[in-house]
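Asks: Got a structure for you, written out below as structure tokens; questions coming shortly.
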Amino acid sequence: AVDERIKAIQVVRQLKNDETRDAMLKIVKQEKQERVSIEALRAVGEIGGDSRAAEAIAGQWADFAAQVRRAAAEVLASRNNWARVLLGAIEKKTIAASDIPTTVIRTLFHSRDKSVREMAANVIGRFREPDADKLKLIAQKRKVVLNGPIDLNAGHEVMKKTCLVCHKFYGEGADV
């Protein structure tokens, strides 16, 4: 079952060795169930390694579903040498810049590695931080969310009307 396979991946990833990383990459390559693929990708990101793992992930990009691509982008942006592989694939047009989530783009532009920031600027283009008004609005909304009473059904309704118009969350909403 999918849940059992995910739990197994979570246990095995703790080994953090080359064999485990290679097994996770094999799962990513062969798996058709998105949740299992995503968990295996996250395991690869946790285990780490040289850029060959990142190249294997980037090389399979065309075969990934949208949710798996999102997880793959997050994993590739998690390490500087892997981020360069991701940006190189964008530059070569084997990965579309439009496939990269905004959160990952932000991560690339805030990298401690100057070469990653410069490469991101050259490959992706300009990146703007939200203006002060938007940040203020986000802070107000965050305060309401964190301090107010929790009503999951009402929150879901608000999310459907405001967030899911542009964003996808747990398979619900739009991919813009």
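The values are calculated or read from the model by the stated rules, or taken from the named source; none is laboratory data. Note that the structure is predicted; figures quoted are calculated from it, not measured. In this analysis, Cβ positions are derived from the backbone assuming ideal geometry, glycine residues included, and neighbour counts consider all displayed protein chains. Side chains included, ligands, DNA and RNA excluded: accessible areas come from the protein's heavy atoms. Shrake-Rupley method; radii C 1.70, N 1.55, O 1.52, S 1.80 Å.
Asks: Any chance you could count how many residues in the range 149-176 are open to solvent by 90 Å² or more (accessible area, probe 1.4 Å), acidic (Asp, Glu) and assigned to a helix (DSSP H, G or I)?
Replies: Final tally of qualifying residues: 0.
Asks: Consider SER78 carefully, then state whether it is free of Cβ contacts under 8 Å to residues at least 12 places away in the same chain, open to solvent by 10 Å² or more (accessible area, probe 1.4 Å) and not aliphatic (A, V, I, L, M).
Replies: no
Asks: Further, regarding this structure: Considering ALA66, ALA72, which residue is of a type in the set (Gly, Ala, Ser), open to solvent by less than 40 Å² (accessible area, probe 1.4 Å) and closer than 15 Å to ILE95 by Cα?
Replies: On inspection, the qualifying residue turns out to be ALA72.
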